[in-house]
Amino acid sequence: MLDLRDAFVLPAPPHVELRAFTHGLMPKAVPALMQAFTDDWAERGVDAWNRVPNHWRPASGEDVGWWSLPEYLAEHFVAPLLEAPPHTCILQPNVHTTMQYVLSAPEVFASGRHVVITEAAFPSVQHSVKQWQDVFDLSLTVVPLTDAGFIDVTAVTQAVRPDTALAVVSHVGFTTGELLPPDALRAVADAVHAHGGLFVIDGYHSVGSVPVDVQALGADLYMGGLLKEACGSSGNAFVYLRDGLDLTPRMTGWFGDDDPFGFQPEPGVHPDVRRRFMGGTTAVASMYHAVEGVRILRRAGIDEVRAHSLALTEQCIARADAAGIPLRSPRPAERRGAMVILEVDAADRLCAYLKQRDVYTDSRQQRYLRMAPFVWNTPAEIDRAFDFIADAIQSGAYRHTLPETATAAGPVT
Ligand SMILES: Cc1ncc(COP(=O)(O)O)c(C=O)c1O
């Protein structure tokens with residue numbers, strides 16, 4: 001099995017960190033990279049926008065500056081994770097922003113104003129479409145989930161109509177960890193393309209933990225973030241734009257203009273479509289550590305990462321079965337992402353109980369216990385976690401443990 005514990009800052013044993021689906025651990029190189037940011041700023045000031053030492057690919061001899069980091073890092077670190085061809089990827093602040101760019105491109109609605117999403121869409125997708133629905137006169141189909149809470153791929157393809165402009169589907173669902181296999185995604189792509197629409201995949205939870213081939217999946221756009229399994233922290237999302245996709249988002253700002261330092265009164269269309277997915281001045285500090293997790297995972301090999309993750313989630317499922325805890329995630333390996341969700345009464349209390357015993361999981365809606373064992377976890381840690389879980393469920397002792405915090409927004413577990 002993989003052992004990438006040395007590459008990350010881990011809580012001291014006996015802590016068991018099982019929250020890769022929520023926030024990745026910090027790669028050990030990150031403090032030095034953040035120091036590099038402050039050094040570059042201190043030593044170069046504004047000139048850092050033009051050139052900084054290449055901290056990301058030092059052996060390449062390539063020039064890089066803050067201005068070009070969004071394309072440069074996406075090209076060399078994100079595109080290979082997606083099997084994407086050159087010049088198709090760029091970093092984004094978050095998926096929400098990418099959705100605004102997409103919805104603001106008139107070309108998207110050239111073939112009609114109908115949009116298909118599923119009930120399992122993350123709010124960054126679902127809310128964005130609904131926020132603009134009346135303004136843009138969109139007709140929206142939200143495809144319901146199956147009784148078991150999974151995506152009904154046939155229903156998604158059947159929801160596509162001649163006026164469908166856009167269909168957006170998650171590669172790995174955030175509520176269940178359900179992975180849509182390539183043939184399912186391809187079926188949706190074919191249905192949408194048959195009517196000239198665009199197929200967008202939200203790959204937030206696949207990138208870094210599951211092999212992805214955006215072209216084989218038929219994606220026109222593939223968006224995601226590096227915060228979680230890819231261990232790149234916040235502010236670091238990305239989008240892939242199929243070669244030849246000529247969108248002109250009205251959201252484009254001056255960082256995406258074709259003559260940014262001409263400060264022209266009229267906006268100009270940048271020749272590189274990726275750059276049109278840029279707004280105002282970018283936040284560069286987060287880009288220093290954006291791809292360190294990706295570097296570690298790629299060095300280990302995404303197939304190996306996937307095999308490790310599957311072995312540990314398999315172990316979680318076996319232990320949950322033995323303890324009689326219902327599983328909310330798909331059981332077959334080919335339908336599982338990196339997360340296992342268990343249905344537990346007062347799951348927030350169980351989560352708090354486990355935290356007091358140095359086992360970090362998270363919970364949702366007081367009903368679901370979530371765990372995503374990843375490249376730093378071992379089978380012994382899974383057993384340790386489940387020994388506590390089985391005891392707690394059997395005795396009911398966890399029900400007396402109050403969850404930490406109560407911020408106005410609810411707990412960020
Ligand atoms: C499927 C999915 N998409 C997107 C996001 C994050 O969206 P944003 O980058 O807009 O915060 C998440 C976060 O958990 C997610 O699970």
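The values are calculated or read from the model by the stated rules, or taken from the named source; none is laboratory data. Computed from a predicted model, the values in this text were never measured in an experiment. Here Cβ is always computed from backbone atoms with ideal geometry, including for glycine, and neighbour counts include all displayed protein chains.
Summary table below
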read-out	value
Top-ranked residue of region 218-236 - restricted to ones that are touching a strand residue (DSSP E or B) at 6+ places or on another chain (Cβ under 7 Å) and surrounded by fewer than 24 Cβ atoms within 10 Å (Cβ to Cβ), ranked as farthest from residue 74 (Cα to Cα)	218
Lone unmet requirement of (1) within 16 Å of the ligand (Cβ to nearest atom); (2) surrounded by 20 or more Cβ atoms within 10 Å (Cβ to Cβ); (3) among the β-branched types (Val, Ile, Thr); (4) touching a residue at least 60 places away in the same chain (Cβ under 8 Å) for residue 156	(4)
Qualifying residue in region 248-264 (condition: touching a helix residue (DSSP H, G or I) at 6+ places or on another chain (Cβ under 7 Å), part of a helix (DSSP H, G or I) and over 30 Å from residue 23 (Cβ atoms))	yes
Pair list, Cβ under 7 Å, 6 or more apart: region 128-146 residue under 21 Å from residue 178 (Cβ atoms), other residue surrounded by fewer than 18 Cβ atoms within 10 Å (Cβ to Cβ) and of a type outside the set (Asp, Glu)	129/140; 143/155
Residues (within 16 Å of the ligand (Cβ to nearest atom), out of contact with any helix residue (DSSP H, G or I) (no Cβ under 9 Å at 6 or more places or on another chain) and not basic (Lys, Arg)) located in region 2-38	21, 22, 23
Residue match in region 166-176 (condition: buried (at least 22 other Cβ atoms within 10 Å of the Cβ), of a type in the set (Gly, Ala, Ser) and within 11 Å of the ligand (Cβ to nearest atom))	yes
Residue within region 326-338 that is in contact with a Ser or Thr (Cβ under 8 Å, 6 or more places away or on another chain), at pLDDT below 95 and not in a helix (DSSP H, G or I) present	no
All positions within region 237-252 that are free of Cβ contacts under 8 Å to residues at least 60 places away in the same chain and either crowded, with 24+ Cβ neighbours inside 10 Å or on the phi > 0 side of the Ramachandran plot (or both)	244
Flag if residue 348 is assigned to a helix (DSSP H, G or I) and either more than 19 Å from the chain's Cα centre (by Cα) or of a type in the set (A, V, I, L, M) (or both)	yes
Of residues in region 88-135 being surrounded by fewer than 16 Cβ atoms within 10 Å (Cβ to Cβ) and outside any helix (DSSP H, G or I), the one nearest to the ligand (Cβ to nearest atom)	119
Residue 252 being hydroxyl-bearing (Ser, Thr, Tyr) and within 16 Å of the ligand (Cβ to nearest atom)	no
Contacts under 6 angstrom Cβ, first residue in region 60-74 being within 17 Å of residue 41 (Cβ to Cβ) and at pLDDT 95 or above, partner among the polar types (S, T, N, Q) and not in a helix (DSSP H, G or I), 6 or more apart	64/54; 65/50
All positions within region 189-245 that are near the ligand (Cβ under 10 Å from one of its atoms) and basic (Lys, Arg)	228
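For (1) surrounded by 23 or more Cβ atoms within 10 Å (Cβ to Cβ); (2) not basic (Lys, Arg), each residue gets a yes or a no:
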site: 315; (1), (2): no, yes
site: 321; (1), (2): no, yes
site: 337; (1), (2): yes, yes
site: 348; (1), (2): yes, yes
site: 352; (1), (2): no, yes
site: 384; (1), (2): no, no
site: 387; (1), (2): no, yes
site: 393; (1), (2): no, yes
